[in-house]
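*Asks:* Supplied in structure tokens, the structure appears directly below.
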């Protein structure tokens, strides 16, 4: 991708991916290896490898514009710190990343010119990647080249074929959106409603998932199947809990109670330590991190639920999911105390009522047994 | 079994994926024998506990054939102790594993010479012969 | 003055206390009480489910003494207690319940349903919804002194007969004696042998006793109809005489509800603990036996069973005494299934026998007792309640069974050792 | 409102509201009952009140032989769903955690498979209870809206819990939120319906035992 970014004119190499690879002298065998790995990356079954090969061969390189708003650059870091293999660079070689203000060599007017040129040239066909949330509170909270995030997003979205929202900030507002949300941060889908949006949440998202989504678009020229909150089902189809290798401990009722007890050392379930695995949908349990080396739960830390909306406001990372988020015992004690007073008052009312009944009671005699 | 650099133990309890996977391999081998149908299992699609992959590889063992590719980084391909069951590991140029498959087939396709490569090989060879660039004359 | 719905509602309000509130709060409508009630088991009519009979009291509790009920009342959602509703319930509260308390023993949440029905009757009676038969009996109790209209001259005549027959003296209005014997009208009219039996036993035991000419009636219609004020008047008569004669112990005769009335409800009705003890005749006899003052010379050879009168056994706590007494005179004693505290009612207690309207159902539900008897096939049935006895005889006749009924006291007297 | 927001509401403000209504309701109801008081018994006693009452609190858990024979279906179903509810409510790990957070201590849990199986049995027993309620002559006669409402509100958390555990139909946060909300609904309704028997039956049984015991009868 560096090759592309070094080109300051903003144009992209033309031709199909097959032609690009051929011109690079990539052998068919290498290409097959690339396809196999891509299939694995896209979480597609291996039987689809030949189909992927055929599709990739004829794929055209799309222009990609990457916008970064209120974010920490963690998403970009995640992507660029992914193992710099020739395989993944092939994926990036097969797109034309025309604008990414963190990565591109161009700056200032030239950079913006590149963006505008790419948008114009590929109007209706380019992919828009967004990381970071958009502040609605005051346009001055976050600007690029004097343009507010909101303006840049709406303008860039007009000609986009599709938008990929990368990271929890772009997908659901993320940490800027967390209570009390001082900037009025919102997600991409809160602003753009007339374009297909793929949400790739995570704080940050797994790099392979980002490339996987790109590969899917590249391979099939279409968006992958999405779940009810816009996430590709291939990666977000199952909860962490369902795919967690520690799940059998949950089922057996074996839990780590603290971070340094026997259960923690034996690798038991982290539910009691606040693991959000049961309510979090992501691919960490299978894809893992750092090139498949490990992932948070394997390292002994509960899942934070970072790929879910509002994960920052979920009542505390170390509070188990089944626990109330607020201090209920205090509530209960106050309620009981208040109710005791109320109960005493009602009790007095009841006794008063009974006393009144006793007072108006006149001794019953045999003359009172029949109605007149 | 403890492959983690952290002090996290992975006892024998963490092997529940091993058996089902081996059963799947056996079933695929049966299919191969009966109908000639080949299968591939993507080891990346299974949520393996630390140490499980090693157990699977250890169980499958190594057989007679062992090949090494140099294509976009190295790849290691060998037939396991069970004929027809192959293990394919793709590495990138930094020697990190990028994907790993168990393939149940007579010979993995990727080992075979590819049609397109043979075509360009033929062209290359022809060109080399024509331009006398084979360098055999000056021995 | 007269009865009115307002008085009925007021009476129900007066009856609500913490027990009633706890009971109604706990009912889950499981229906188990129905299976404990012979009025349901023998008719199969779900209306007669015990807890359903307490509906008038429940409505008042709910709308007057619960948080949601008060809110509901303000919103006009509470179920009305009016004349029409009470009239509809009359047959359930009086004709279909003997207050035997078997339901109170099976309720899984522990509701004393019999107590709740007793309380419900207070409201029914005050609202003028008591059955005619019970109103009549109550009137006679208060005005004449006995529900059956028995007056002192009648008893005096019976005493004379007894004295003539037995040659024993029956003490009347004697002060400072150990025991004062109460009688039920039923015994005076139908079973004067009971007086003779007591005279014989006390003679042998050397106990001092008396009958009062002013207050001899043990039964209490006020308890049955459900008017505590009237029940208190009737109890007070006994208390006054017992205090005047300075007796140590008042004996409740072979009558079920009389025992409840004087033993358990009495002091609470008059609002004062008694200066004397109250014992059932069987308790007295058992005490005498334990002291060696009651000796038997012979035994019954026939197969005997014992019918536990509800108010004496389940609601009275006199369960072991009759058995140890029967064992003195029988080697052939068999228990009916569910005997003792879980015994099935004969079907005529709690004012049902005084309520002619209930005659038909009273005999219908006797089938339960019949089934129990069919299992043990006794030669004779012993009981310790004249009301049970008369109804059992009625029932046996209705179902063409020929089993004689015996009074335990009388049977003991027959086998008394002649020194 | 997103599903995670819904879950957060259920675990936060929702639970607060439900707890306040539940605790306050139960306390008020118990005060309301006990403060009505009852008259001291002036009759000479034949047995103790306190110990007799406590004995009945325990013994009334078991039916007498004849009653069991006559109503075995109702009784057996009652046992199954009550014991099942107890196990599912108080012996499953997430529930113990919930309670530990409130009362400050926990206890060992049962394995998930056991809880799962018990939940299924309890659900079936509750369904059978409903069928029994609608077919049994007496129960059908006694049944009112409240009986059906409380049945439903007891059934709901079981089913939503089962579905949430097995993740059927919707995603986990929604299912968990729905489960917690169903429990909140149950808590809110609890003090004002016959569900109160869970507390008042101890009072009722004690009174029953005390009244009987005073007369020398073990009830």
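Computed from the coordinates by the stated procedures, all read-outs in this text should not be read as laboratory data. The structure displayed is predicted, hence computed values, not measured ones. Neighbour counts are summed over all protein chains in view; Cβ atoms, including those assigned to glycine, are modelled from backbone coordinates with ideal geometry.
*Asks:* Whole angstrom only: what separates the Cα centroid of segment C:105-146 from the Cα centroid of segment A:313-360?
*Replies:* With segment C:105-146 and segment A:313-360 each reduced to a Cα centre, they are spaced 39 Å.
*Asks:* Obtain the radius of gyration and the Kirkwood radius of segment C:268-383 from its C-alpha atoms and give Rg over Rh.
*Replies:* My calculation of the ratio gives 1.03.
*Asks:* Restricting the count to DSSP beta bridges whose residues both fall in the protein assembly as shown, what percent are antiparallel, rounded to a multiple of 5?
*Replies:* Numbers: 31 of 73 bridges.
Counting only bridges with both partners in the protein assembly as shown, antiparallel ones make up about 40 percent.
*Asks:* Calculate for the protein assembly as shown the 222 nm mean residue ellipticity that helices alone would give, adding -39,500 (n - 2.57) per DSSP H run of length 4 or more and normalising by residue count, nearest 500 deg cm²/dmol.
*Replies:* One gets -15000 deg cm²/dmol as the mean residue ellipticity at 222 nm.
*Asks:* Bins of 5 Å, beginning at zero and ending with the bin holding the largest distance: percent of Cα pairs per bin for segment D:15-111, please.
*Replies:* Computed distribution, short to long bins: 2, 9, 9, 12, 15, 17, 17, 11, 6, 2, 0.
*Asks:* Quick check: convex hull over the Cα atoms of segment C:5-130, volume per residue in Å³, rounded to an integer?
*Replies:* Taking the convex hull of the Cα positions in segment C:5-130, it is 94 Å³ per residue.
*Asks:* Per residue Cα convex hull volume for segment C:148-290, in cubic angstrom?
*Replies:* So the per-residue hull volume is 97 Å³.
*Asks:* Ignore the peptide's own chain and count Cβ atoms of other chains within 10 Å of each Cβ in A:39-50; give me the average, rounded.
*Replies:* What the average comes to for A:39-50 is 4.
*Asks:* Using a 10 Å cut-off around each Cβ of peptide D:164-176, what is the average number of partner chain Cβ atoms that fall inside?
*Replies:* 4
*Asks:* Can I ask one more? Taking a ≥ b ≥ c as the square roots of the eigenvalues of the Cα gyration tensor of segment A:180-273, is the shape rounded (a/c under 1.5), prolate (a/b larger than b/c) or oblate?
*Replies:* Because a/c hits 1.5 or more and a/b exceeds b/c, segment A:180-273 counts as prolate.
*Asks:* Would you work out if segment B:18-112 is rounded, prolate or oblate? Take a ≥ b ≥ c from the square roots of the eigenvalues of the alpha-carbon gyration tensor; rounded if a/c is under 1.5, else prolate when a/b is larger than b/c, oblate otherwise.
*Replies:* oblate
*Asks:* Related question: Hey, can you rank D:92-99, C:30-37 by average C-beta count inside 10 Å, highest first?
*Replies:* Highest mean packing first, the order is C:30-37, D:92-99.
*Asks:* Which of the peptides C:66-79, B:111-124, D:119-132 is most tightly packed, and how do the rest follow, judged by the mean count of other Cβ atoms within 10 Å per residue?
*Replies:* Taking the mean over residues of other Cβ atoms within 10 Å, the ranking is D:119-132, C:66-79, B:111-124.
*Asks:* What's the Kirkwood radius of segment A:2-235 in Å, using all Cα pairs?
*Replies:* Computed over Cα pairs of segment A:2-235, the Kirkwood hydrodynamic radius comes out at 17.9 Å.
*Asks:* Classify segment A:222-372 from the C-alpha gyration tensor, please: rounded if a/c falls under 1.5, else prolate or oblate depending on whether a/b exceeds b/c. Before the final figure, lay out the partial values.
*Replies:* On the way: a/c = 4.08, a/b = 2.92, b/c = 1.40.
Because a/c hits 1.5 or more and a/b exceeds b/c, segment A:222-372 counts as prolate.
*Asks:* Something else about it: Out of all Cα-Cα pairs in chain C, roughly what percent, to the nearest whole number, are more than 28 Å apart?
*Replies:* Roughly 48 percent, rounded to a whole number.
*Asks:* Which percentage, to the nearest 5, of the DSSP beta bridges contained in chain C is antiparallel?
*Replies:* Values: 1 of 22 bridges.
In chain C, DSSP labels about 5 percent of beta bridges as antiparallel.
*Asks:* Can you tell me the relative contact order of chain D? Whole percent, Cα pairs under 8 Å, sequence separation 6 or more.
*Replies:* So the answer I get is 42 percent.
*Asks:* To continue, here is another question. Please work out the Cα center distance from segment C:246-312 to segment C:333-358, rounded to the nearest Å.
*Replies:* That distance is 18 Å.
*Asks:* In degrees from 0 to 90, rounded to the nearest 10, what is the angle of the helix A:328-360 Cα long axis to the longest principal axis of chain A?
*Replies:* So the inclination is approximately 30 degrees.
*Asks:* Mind checking C:338-346 for the average number of partner chain beta-carbons within 10 Å of each residue's beta-carbon?
*Replies:* Mean shielding count: 2.
*Asks:* For chain D, find the longest principal axis of its Cα atoms and tell me its angle to the long axis of helix D:145-166, 0 to 90°, nearest 10.
*Replies:* Between the helix axis and the principal axis of chain D, the angle is about 40 degrees.
*Asks:* Using a 10 Å cut-off on Cβ atoms, rank the peptides C:41-54, A:300-313 from the highest mean neighbour count down.
*Replies:* Averaged packing, sorted descending, gives the order A:300-313, C:41-54.
*Asks:* Ok, one more. Does anyone have the angle between helix C:366-376 and the longest principal axis of chain C? Alpha-carbon axes, 0 to 90°, nearest 10?
*Replies:* The answer is roughly 50 degrees.
*Asks:* What spacing in nm lies between the two simple spin-label points modelled at residue C:246 and residue D:34, each 7 Å away from Cα in the Cβ direction?
*Replies:* Those two pseudo-labels are separated by 4.7 nm.
*Asks:* Calculate, axis by axis, the spread of Cα positions in the protein assembly as shown along the three principal axes, and write the results as whole Å, longest axis first.
*Replies:* Here the Cα extents, ordered largest to smallest, are 162, 67, 48 Å.
*Asks:* Over chain A, with a Gaussian network built from C-alpha contacts below 10 Å, which listed residue (A:29, A:61, A:231) shows the highest mean-square fluctuation?
*Replies:* So, out of A:29, A:61, A:231, the one fluctuating most is A:29.
*Asks:* Over segment C:148-290, what is the relative contact order in percent, taking alpha-carbon pairs closer than 8 angstrom and at least six residues apart?
*Replies:* 26 percent
*Asks:* Please identify, among C:359, C:165, C:112, the residue showing maximal mean-square fluctuation in a Gaussian network model of chain C using a 10 angstrom Cα cutoff.
*Replies:* Residue with maximal mean-square fluctuation among C:359, C:165, C:112: C:165.
*Asks:* I've got another one for you. Please find, in a Gaussian network model of chain A (springs between Cα atoms separated by less than 10 Å), the residue of A:294, A:357, A:78 whose mean-square fluctuation is greatest.
*Replies:* Highest fluctuation of the listed residues: A:357.
*Asks:* Quote the relative contact order of segment C:304-414 in percent (integer), defining contacts as alpha-carbon pairs under 8 Å separated by 6+ residues.
*Replies:* The value is 32 percent.
*Asks:* Roughly how many whole Å is it from the C-alpha centroid of segment C:12-39 to that of segment B:68-109?
*Replies:* 78 Å
*Asks:* Oh, and also: Regarding chain D, what's the average projected area of the Cα-atom convex hull, expressed in nm²?
*Replies:* 15.0 nm²
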